[in-house]
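Visitor: If you scroll down you'll find the structure; I have some questions about it.
The values are calculated or read from the model by the stated rules, or taken from the named source; none is laboratory data. The structure displayed is predicted, hence computed values, not measured ones. In this analysis, Cβ positions are derived from the backbone assuming ideal geometry, glycine residues included, and neighbour counts consider all displayed protein chains.
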Amino acid sequence: MVSSMCWRVGWVCWLVTVLPGCGSAERADPLWTPPATFHESHLVGTWTAHRMNYRETLVLHPDMTFTHIYTGTESPKQRPVTSQGPWRLEHRSSGCRYLHLEGMPTFHGTTEELATNGHRFPDGTPKHFWEPCEQTQITMPDKVILIVGNAPDAPDNLTLRFPHAAAVVTDDWLERQAPP
């Protein structure tokens with residue numbers, strides 16, 4: 001059954017290796033891992049996303065702090081939400097690299113109420129997100145974990161990708177802006 005599902009949606013399995021039996025359990029798909037030339041210093045700078053219903057800017061400073069501004073373009077989310085805090089990079093044996101942003105809310109795959117409540121439900125239970133690099137569920141209480149990914153057309157071949165609300169393909173990422 002799984003192999004026939006992979007055949008029918010093979011491009012999805014290749015793209016994000018979401019379905020069991022598609023892709024390797026040992027090494028992550030190249031889309032979800034940084035290029036071989038990646039160094040932590042490549043993260044420093046301004047990252048942006050401009051989509052139909054939001055604008056987002058993340059500035060990673062050399063002192064390991066960040067400034068994040070999210071502005072929805074639909075009422076009532078039009079007011080900017082700004083956060084600041086420390087960042088750190090986690091290296092995994094799978095090849096995945098995770099950027100931890102302490103105190104940053106995410107509005108991707110969640111509600112404004114959960115985003116502003118530290119990604120927790122009213123009873124305090126953390127919301128689960130699907131993390132496609134290692135194909136697992138994660139929680140992000142009071143922080144955001146971004147996946148340092150590979151994109152040949154992006155500056156430095158890097159993107160910062162958001163975990164998903166479920167094991168589905170989404171297009172939520174930030175691209176580094178070229179320095180002035």
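Visitor: Select, from W14, W47, the only residue that is of a type in the set (F, W, Y), closer than 20 Å to H164 by Cα and at pLDDT 85 or above.
Guide: W47
Visitor: Do you know which residues across region 51-84 are in contact (Cβ under 8 Å) with a residue 24 or more places away in the chain and in a strand (DSSP E or B)?
Guide: Y54, E56, L58, L60, F66, H68, Y70, G72, V81
Visitor: Could you go through region 114-130 and let me know if any residue there is among the hydrophobic types (A, V, I, L, M, F, W, C) and closer than 30 Å to T37 by Cα.
Guide: Checking region 114-130: at least one residue is among the hydrophobic types (A, V, I, L, M, F, W, C) and closer than 30 Å to T37 by Cα.
Visitor: Within region 106-131, how many residues turn out to be farther than 20 Å from Y54 by Cβ and either touching a Ser or Thr at 6+ places or on another chain (Cβ under 7 Å) or β-branched (V, I, T) (or both)?
Guide: So the count comes out to 3.
Condition check ((1) touching a Pro at 6+ places or on another chain (Cβ under 7 Å); (2) more than 17 Å from A154 (Cβ to Cβ); (3) aromatic (F, W, Y); (4) modelled with pLDDT under 55) across all residues:
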| residue | (1), (2), (3), (4) |
| --- | --- |
| V9 | no, yes, no, yes |
| C22 | no, yes, no, yes |
| D29 | no, no, no, no |
| L43 | no, no, no, no |
| N53 | no, yes, no, no |
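Visitor: Among the residues of region 120-161, which ones are surrounded by fewer than 23 Cβ atoms within 10 Å (Cβ to Cβ), in contact with a helix residue (DSSP H, G or I) (Cβ under 8 Å, 6 or more places away or on another chain) and of a type in the set (G, A, S)?
Guide: A151
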